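The values are calculated or read from the model by the stated rules, or taken from the named source; none is laboratory data. All values reported here derive from a predicted model rather than from experimental measurement. Here the Cβ is made from the backbone with ideal geometry for all residues, glycine too, and neighbour counts use every protein chain on show. Remember, those area values only see protein heavy atoms, side chains included, never the ligands or the DNA or RNA. Shrake-Rupley method; radii C 1.70, N 1.55, O 1.52, S 1.80 Å.
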Amino acid sequence: MAKDRLSTGKTNPRGIPEAIFIKSIEDFLNPKTCTSDDVNNFLKELQMRIQQYKFMEESKNSTLKGLETKIPDVSKTLEFCKFLKEKHDKLVENADSAEEDDKKLEVNYQLNDTVYSKAEIDVKDASSVRLWLGANLMVEYPIDEAIAMLSKRLEDTKKNKQATLEDLEYLRSNITTMEVNTARVYNWDVQRRRSEKSEK
């Protein structure tokens, strides 16, 4: 595989290449033999790398938005499952002395962004829950299993969010490096042209 001359050869944990800071433009362009086309091609190469980083940044921002929506949803579902388990366990422990009000639980649930409805849950039958897993798929879980699965999902989602934030910071740093490189090459070319004119 050909060596990427605009990368240090290092990557972050998710495989995004680290942009090289060009200390010496002469390592990339020979001032004695290079033409305006050589400089323009190199500037295009730098611009292409900036666009690649910006595309990755856009993708990561989109991922972050999805995760920021997912975390509260999973948290709410997990909290409700824990609450339901607590009510169910308490009812089972005190089955003989439980009052009729303790056996039923009235809840409001969200149908969509603006519409809510009421439901009555028979607490003694709440040993399992049905969860939407997406793509029109609902699965019934025993409540303990649901709590374990949701806890793991919440933990994984938070880790993904942290990794995405780190990637975004890393990408911004690389974009800045490449923009500085581009400005330096452009200024170097201006100086080169001036030198050529003065020699002529």
- prompt: Taking the chain as a Gaussian network, Cα atoms linked when under 10 Å apart, which of LYS87, LYS32, LYS118 shows the biggest mean-square fluctuation?
  reply: LYS118
task: With a Förster radius of 30 Å, plug the Cβ-Cβ distance of SER7 and THR35 into 1/(1 + (r/R0)^6) and report the FRET value to the nearest 0.05.
output: 0.75
- prompt: Over the range 78-162, what is the mean sequence separation of C-alpha contacts under 8 Å (at least six apart), divided by residue count, expressed as relative contact order in percent?
  reply: 27
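Provide the FRET efficiency to the nearest 0.05 for the VAL180-TYR109 pair, computing r from the beta carbons and using R0 = 45 Å.
Numbers: r = 53 Å, r/R0 = 1.18.
The calculated FRET efficiency here is 0.25.
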task: For the chain, report the accessible area per residue in Å² (1.4 Å probe, heavy atoms, rounded to an integer).
output: 69
field: Total charge dipole magnitude, the chain, about the Cα centre, Cβ charges on Lys, Arg, Asp, Glu only, Debye to nearest 20
entry: 1640
- prompt: Given 10 °C and 1.306 mPa s, how large is the Stokes-Einstein diffusion coefficient of the range 113-182 in µm²/s, with Rh as the Kirkwood radius over Cα pairs?
  reply: 98
task: For the chain, give the percent of accessible area contributed by carbon and sulfur heavy atoms, probe 1.4 Å, rounded to a whole number.
output: 50
- prompt: Lys/Arg Cβ at +1, Asp/Glu Cβ at -1, dipole of the range 121-200 taken about the Cα centre: which of VAL190, ALA163, ILE147 is farthest positive-ward?
  reply: VAL190
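Averaging the inverse of every distinct alpha carbon separation and then flipping it gives the Kirkwood radius. What is it for the range 1-143, in angstrom units?
Working: mean 1/r = 0.0468 Å⁻¹.
Value: 21.4 Å, from the Cα pair sum.
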task: Just list whichever of LYS82/LYS158; LYS60/LYS158; LYS44/LYS65; LYS70/LYS124; LYS65/LYS161 have alpha carbons separated by over 21 Å in the model shown.
output: LYS44/LYS65; LYS70/LYS124
